[in-house]
1. Once you list every other residue whose beta carbon is under 13 Å from the beta carbon of Leu31, what net charge do they have if Lys and Arg are +1 and Asp and Glu are -1?
2. Report the normalised scattering of the range 1-139 as log10 I(q)/I(0) at q = 0.16, 0.18, 0.19 Å⁻¹, calculated by the Debye formula with identical scatterers on the alpha carbons.
3. Before I look further, what does the range 1-129 give for accessible area per residue, probe 1.4 Å, in whole square angstrom?
4. Any idea what the dipole of the range 33-137 comes to, in debye rounded to 20, about its Cα centre with Lys/Arg Cβ at +1 and Asp/Glu Cβ at -1?
Amino acid sequence: MVVLDQLLKKLLDEKHQVLIFSQMTMVMDILEDYCNYRRFKYCRIDGSTDMDSRDRQINEFMTEGTDKFVFLLSTRAGGLGINLTAADTVIIYDSDWNPQMDLQAMDRAHRIGQKNKVNVYRLISENTVEEKIIERQTIKLKWDSLVIQQGRMASQKNKILSRDEMKDMLQFGASAIFKADTNNGTMSEEKIDQLLQRGESRTNQLNYEIEKRVKEQASALDLGMSSINIFDYFIDKNKEN
């Protein structure tokens with residue numbers, strides 16, 4: 001929340017419109033209280049929002065010259081059928097296990113009609129299970145792309161969590177959390193910029209490591225199928241006939 005507070009102040013000063021996604025309605029209640037505390041003009045859609053209220057809020061947010069700064073959405077309820085190209089910033093407050101859900105959430109601003117560059121910020125608590133969730137998300141997306149590119153199924157063991165793996169994920173970084181420096185709940189704008197730069201560096205490092213790991217696993221699974229040209233195969237078969 002400290003990071004989000006500083007980030008939103010900066011985005012407000014720069015005249016941005018922001019989409020904030022969370023999986024949990026109780027977290028959205030807290031974010032709504034926060035917006036009221038900061039007197040941010042906001043809209044909200046979750047699974048309990050009726051269709052009329054949903055359409056009205058979308059129209060208010062999309063109207064040119066609107067005073068609506070923040071749109072709070074639950075990741076799944078706000079995923080499909082919503083066009084919010086007035087926003088140029090997406091904040092993933094907490095990540096979904098299924099990477100497709102987060103991608104659909106980001107797509108609310110990446111629609112036809114978007115005229116601005118869209119920045120996406122994903123908030124992750126360091127040394128927590130969230131890091132492992134993002135790692136699993138990235139691995140799953142890499143495997144999905146390989147399945148599509150090579151036309152064959154990857155090993156299922158890379159997609160299913162065992163009980164021991166789940167336990168390790170939950171215990172990951174527990175000691176680091178208790179030793180963490182909380183900065184007494186304050187954070188300067190300079191630290192926000194440093195945090196964003198460090199987050200970008202960590203993301204690039206994670207993507208590199210996962211890309212390398214997936215390529216090694218994929219090469220081990222390659223049974224020579226990639227060398228088969230199906231077009232040549234059918235040409236040869238027709239010649240024989």
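1. Spelling it out: positives minus negatives among the neighbours equals -4.
2. For the range 1-139, the Cα-only Debye profile gives -0.81, -1.04, -1.17.
3. Numbers: 6690 Å² over 129 residues.
Result: 52 Å² of accessible area for each residue.
4. Dipole about the Cα centre, nearest 20: 280 debye.
The values are calculated or read from the model by the stated rules, or taken from the named source; none is laboratory data. Computed from a predicted model, the values in this text were never measured in an experiment. Ideal geometry is used to build each Cβ from the backbone, glycine not excepted, and the neighbour counts take in all protein chains shown. Heavy atoms of the whole protein, side chains included, go into the accessibility calculation; ligands, DNA and RNA do not. Shrake-Rupley method; radii C 1.70, N 1.55, O 1.52, S 1.80 Å.
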